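Please read the structure below before turning to the comments.
The values are calculated or read from the model by the stated rules, or taken from the named source; none is laboratory data. Keep in mind that what you see is a predicted model, and the values were worked out from it rather than measured. No Cβ is skipped: glycine too gets one built from the backbone with ideal geometry, and neighbour counts run over all protein chains shown.
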């Protein structure tokens, strides 16, 4: 009588094939790049030449997940107050793209803006997105939820290059690079108010103090910083000389320090905003820093370096620098910070 209590080699083979097939039908685990980032603070970096967005853990200085492909040459980024969305502009495609930072995916199609967008900013509540268009000489306002334009483009001066919103959201400040001035826009009326404010040569980056009392403007071609009193819209004292081609600004949460990234000097300098003077020493940031942001505690500043393709982390007390050891793509131009609970 045949012993049926044992499986024959052929039977074992059939069973194994069936088990493997069933295993293949099981749901594959999610890709690491599709998982939400773990809690922490991240630098959101856009690479102009590599055309992507990357998340860098500010504690370990390592990338999280795979790069997110973007259209054109992304050059600037800002993040919503709730940390869920990043808004990225690309001057070569005349567009703005929205990235969901939790799913690490783009949201919908790119949004058409004006010609050669140069700056992007959010209202304090995150309900509006402002885009400066360097070639069509205007600012466009978008509803952040529906991503539809509000009203008509707001005419500015020649080559709007920088945007900053007052802490109460009532005023939008715009630098005009070719007219060497700053314009003030009423965000309710969506119209300019007052006269242009003359500053240095080639104004581009602009920052507002946390209390809204002062505006700081970096003048690319005169290598200095203009300070404006927002109550009078008059320039305060003389321009503050900094390094060569100051292309980015970040201000500490208490407003006591202004940090300036000098692209040609390849350094970051700190300014005492009460004494209006530069504090030594400059921090050797990397090759061609192009943007800088502060962490919420004010203890560190983060500068992306366009030619060394890395991120400089600067101790704001000592101006000591440490950098990422991982590649940040090619030509990183924009950086923002996001904290994920």
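Pairs are defined by a Cβ separation below 8 Å, a sequence spacing of at least 6 or placement on different chains, a first member in region 240-262 that is more than 15 Å from residue 221 (Cβ to Cβ), and a second member that is at pLDDT below 95 and buried (at least 23 other Cβ atoms within 10 Å of the Cβ); the pairs so defined are 261/285. Between 274, 269, the distinction of being assigned to a loop (DSSP other than H, G, I, E, B) and either modelled with pLDDT of 95 or more or touching a helix residue (DSSP H, G or I) at 6+ places or on another chain (Cβ under 7 Å) (or both) belongs to 274 only. Return yes or no: is residue 41 modelled with pLDDT under 95 and in a strand (DSSP E or B)? Yes; evaluated as a whole, the condition is true for this residue.
Let's see how each residue does on (1) assigned to a helix (DSSP H, G or I); (2) touching a helix residue (DSSP H, G or I) at 6+ places or on another chain (Cβ under 6 Å); (3) at pLDDT 90 or above; (4) over 30 Å from residue 206 (Cα atoms):
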{"residue": "12", "(1), (2), (3), (4)": "yes, no, no, yes"}
{"residue": "19", "(1), (2), (3), (4)": "yes, no, no, yes"}
{"residue": "23", "(1), (2), (3), (4)": "yes, no, no, yes"}
{"residue": "27", "(1), (2), (3), (4)": "no, no, no, yes"}
{"residue": "53", "(1), (2), (3), (4)": "no, no, yes, no"}
{"residue": "72", "(1), (2), (3), (4)": "no, no, yes, no"}
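For region 196-218, what are the residues that are buried (at least 18 other Cβ atoms within 10 Å of the Cβ) and under 21 Å from residue 77 (Cα atoms)? Hits for region 196-218 are 203, 204, 205, 206, 207, 208, 209, 215, 216, 217, 218.
Using the structure shown, decide if residue 78 is in a strand (DSSP E or B), in contact with a strand residue (DSSP E or B) (Cβ under 7 Å, 6 or more places away or on another chain) and within 19 Å of residue 139 (Cα to Cα).
Against the criterion (in a strand (DSSP E or B), in contact with a strand residue (DSSP E or B) (Cβ under 7 Å, 6 or more places away or on another chain) and within 19 Å of residue 139 (Cα to Cα)), residue 78 qualifies.
Taking residues in region 224-238 that are farther than 18 Å from residue 259 by Cα, and partners anywhere that are at pLDDT below 95, not one pair has Cβ atoms closer than 7 Å while being at least 6 places apart or on different chains. Scanning region 234-250 for residues that are part of a loop (DSSP other than H, G, I, E, B), within 20 Å of residue 198 (Cβ to Cβ) and in contact with a strand residue (DSSP E or B) (Cβ under 6 Å, 6 or more places away or on another chain) returns 236, 239, 242. Selection of region 275-289 for residues being buried (at least 22 other Cβ atoms within 10 Å of the Cβ) and in contact (Cβ under 8 Å) with a residue 40 or more places away in the chain yields only 289. Scanning region 152-167 for residues that are more than 12 Å from residue 141 (Cβ to Cβ) and more than 21 Å from the chain's Cα centre (by Cα) turns up 155, 156, 157, 158. Any residue that is over 20 Å from the mean Cα position of the chain (by Cα) and in contact (Cβ under 8 Å) with a residue 60 or more places away in the chain - is there at least one of those in region 169-190? So far as region 169-190 goes, yes, one or more of its residues are over 20 Å from the mean Cα position of the chain (by Cα) and in contact (Cβ under 8 Å) with a residue 60 or more places away in the chain. Out of all the residues in region 206-220, which are assigned to a loop (DSSP other than H, G, I, E, B) and either in contact with a strand residue (DSSP E or B) (Cβ under 9 Å, 6 or more places away or on another chain) or closer than 25 Å to residue 152 by Cβ (or both)? Result: 209, 210, 212, 213, 220.
Conditions tested, residue by residue: (1) more than 19 Å from residue 118 (Cα to Cα); (2) part of a strand (DSSP E or B); (3) at pLDDT below 95; (4) in contact with a helix residue (DSSP H, G or I) (Cβ under 8 Å, 6 or more places away or on another chain).
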| site | (1), (2), (3), (4) |
| --- | --- |
| 169 | yes, no, no, no |
| 173 | no, yes, no, no |
| 179 | no, no, no, no |
| 182 | no, yes, no, no |
| 185 | no, yes, no, no |
| 189 | yes, no, no, no |
| 194 | yes, yes, no, no |
| 197 | yes, yes, no, no |
| 204 | no, yes, no, no |
